1. Need at least 1 residues that are over 18 Å from the mean Cα position of the chain (by Cα) and over 25 Å from residue 24 (Cα atoms) per element, so show me which helices (runs of 4 or more DSSP H) inside region 209-291 make the cut, counting only ones lying wholly within it.
2. Any idea which of 37, 51, 17 is closer than 18 Å to residue 235 by Cβ and modelled with pLDDT of 85 or more?
3. Out of the residues in region 191-228 meeting the condition of being touching a Cys at 6+ places or on another chain (Cβ under 6 Å) and hydrophobic (A, V, I, L, M, F, W, C), tell me which one is most open to solvent (accessible area, probe 1.4 Å).
4. For residue 234, only one of the following conditions fails: (1) open to solvent by 60 Å² or more (accessible area, probe 1.4 Å); (2) in contact with a strand residue (DSSP E or B) (Cβ under 8 Å, 6 or more places away or on another chain). What is its number?
Amino acid sequence: MFSTRALRIEVRRGDQVSTLEVQEEGALIGSGSHCDVRLAPDEAAVEQMYVEIMGEEVFARVKAIKPACRVNGAPFLEGKIAASAVIEVGAVAIRAQVVGRKDGASVGTSESKATTSPAVQALGLLAIALGLYAVLNNEQNKGIALAAINPPGVRALNAQACPQKEPEAARLLAEQLRAEAAIKRERAPFHPGDALDGAPLYERAAGCFALAGDSDASEHAHRLALELQQQAADQVRLAHVRIERSLEQKDYESARRNAEFALALVPDSDDKYAEWLLSVKRASMLQEKKKK
């Protein structure tokens, strides 16, 4: 089932206000050319923050600490953003809220236009009902098909033994591992695979904290490990929805990018789902070459 929600982002510079709609459930804001919402280089970092829809709310996570971000005047790093809240990035004021996706809108901003004909859309609905949808991708009549299996859920978290034996050494290592895992956690929304890398670091820190006799820190690290695993699973599911939508709209560049993103979050490269992602990536690359 495709998402019916999008993000409306308002950017205010003094008396000047610009509004755009990102037809996805997440948007990267910054001065980089790859960002969904572009700000000037003197206004924001290359990747300043990421906003996304979670449930019925908008959440934001700051990626660059300079320029500093504030919400309603208070320092801000991450959390829920009310529809009326103002995110201040230097002299720029930003508001983000959930809106309905425009009918036929393609992945990207509201200026994007869908090119899928009604006939193709009808065929797509019929194929989805049957559990199979194919788009021809080469002269040999091979297709990019929807996965016959669902994205993998949260995998079992293996216990990580602390390599230290002495409590004090274990505590020092635990604090180091926790700091490394925290960096992975901060990067996870923007760098695929960091959630998977961070989870075992937190879990090993939990084991070392336990050895050091700090049960509270151990429990907290274990909980963060589980949260990172859940985050990785959620990112794969979101990428899966975007891949299906991109294939329906014949947006092969987006399908390839999301397949590459999801591949970094599937730990087992021999998994059937990973094999499907790889086939989507390869077939989409062929389609991209044909358009050039």
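The values are calculated or read from the model by the stated rules, or taken from the named source; none is laboratory data. In this text, all values refer to a predicted model and were calculated from it rather than measured experimentally. Methodologically, a virtual Cβ is constructed for each residue, glycine included, from the backbone with ideal geometry; neighbour enumeration extends over all protein chains shown. Note: accessible area is taken over every heavy atom of the protein model, side chains too, but ligands, DNA and RNA are not part of it. Shrake-Rupley method; radii C 1.70, N 1.55, O 1.52, S 1.80 Å.
1. 215-248, 272-291
2. Exactly one residue qualifies, and that residue is 51.
3. Ranking the qualifying residues of region 191-228, first place goes to 211.
4. (2)
For every residue, the table says whether it meets (1) touching a residue at least 12 places away in the same chain (Cβ under 8 Å); (2) assigned to a strand (DSSP E or B).
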| position | (1), (2) |
| --- | --- |
| 10 | yes, yes |
| 19 | no, yes |
| 28 | yes, yes |
| 43 | yes, no |
